[in-house]
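Engineer: Would you mind keeping the following structure in view while I ask a few things?
The values are calculated or read from the model by the stated rules, or taken from the named source; none is laboratory data. The structure displayed is predicted, hence computed values, not measured ones. Note that we place each Cβ from the backbone using ideal geometry, even for glycine, and neighbour counts take in every protein chain shown. Ligands, DNA and RNA are stripped out before the accessible areas are found, and what is left, the full protein with its side chains, is counted by its heavy atoms. Shrake-Rupley method; radii C 1.70, N 1.55, O 1.52, S 1.80 Å.
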Amino acid sequence: MSERFERLYSLQGQLYHSDAPVIIEAGALLKDMKTGKVLAQLKIKNISPQNIKAATICLIPLDTMMQPLRDAETYQMLDLCVARDEEFGQKTPIYLKDNTTRGYQVSVQQIIFADNSVWNGNGDAWETFPEQKTI
């Protein structure tokens, strides 16, 4: 990350949903110091045996007190070809509508596989993986 971008927020660990075909491995909120725009970046891993060709992501922008700023925003990641254990999204900036955003909640709403089958999220919150305990 160069001096052009300032990190405003990072997800606290990996996120999952019990029946989802993906894991959100990482996420950051960056401010473009040149334009003043705020963007999110996500790193998502395919844990399904099927290739993924598209994904719909839902972001809820949060203020400095981690309270919602506005309604959820949805974004589509298209023209993918992501095999099992491969990652996507980390090079795709998601520009947010409100430049006062200082955090976000994220979930995956839909995954479309290469065979055109679809996984739909049920709207439940995604959870952080529990910390592993050493024996």
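Engineer: Considering only residues of the range 99-135 that are charged (D, E, K, R) and either surrounded by fewer than 13 Cβ atoms within 10 Å (Cβ to Cβ) or under 12 Å from the mean Cα position of the chain (by Cα) (or both), which is farthest from R70 (Cα to Cα)?
Structural biologist: Among those that are charged (D, E, K, R) and either surrounded by fewer than 13 Cβ atoms within 10 Å (Cβ to Cβ) or under 12 Å from the mean Cα position of the chain (by Cα) (or both), it is K133.
Engineer: Let me ask you something else. If the Cβ limit is 6 Å and pairs must be 6+ apart or interchain, which residue in the range 116-134 that is modelled with pLDDT of 95 or more pairs with which residue that is open to solvent by less than 80 Å² (accessible area, probe 1.4 Å)?
Structural biologist: Pairs that qualify, where the first residue is modelled with pLDDT of 95 or more and the partner is open to solvent by less than 80 Å² (accessible area, probe 1.4 Å), are V118/I112; W119/P21; W119/I111; N120/Q110.
Engineer: Further, regarding this structure: Any idea how many residues of the range 99-116 are out of contact with any Asp or Glu (no Cβ under 9 Å at 6 or more places or on another chain), more than 15 Å from L78 (Cα to Cα) and in a loop (DSSP other than H, G, I, E, B)?
Structural biologist: 1
Engineer: Could you list, ordered by first residue, the pairs with Cβ atoms under 7 Å in which the first is in the range 78-99 and among the charged types (D, E, K, R) and the second is at pLDDT below 95, at least 6 apart or interchain?
Structural biologist: Sorted first by the residue in the range 78-99, then by its partner, the pairs are K97/E73; D98/L69; D98/R70.
Engineer: Here is a follow-up. Pick out the one residue from V38, V106, V22 that is touching a Leu at 6+ places or on another chain (Cβ under 6 Å), closer than 25 Å to Q132 by Cα and hydrophobic (A, V, I, L, M, F, W, C).
Structural biologist: Numbers: V38 fails: closer than 25 Å to Q132 by Cα; V22 fails: touching a Leu at 6+ places or on another chain (Cβ under 6 Å).
Exactly one of V38, V106, V22 is touching a Leu at 6+ places or on another chain (Cβ under 6 Å), closer than 25 Å to Q132 by Cα and hydrophobic (A, V, I, L, M, F, W, C), namely V106.
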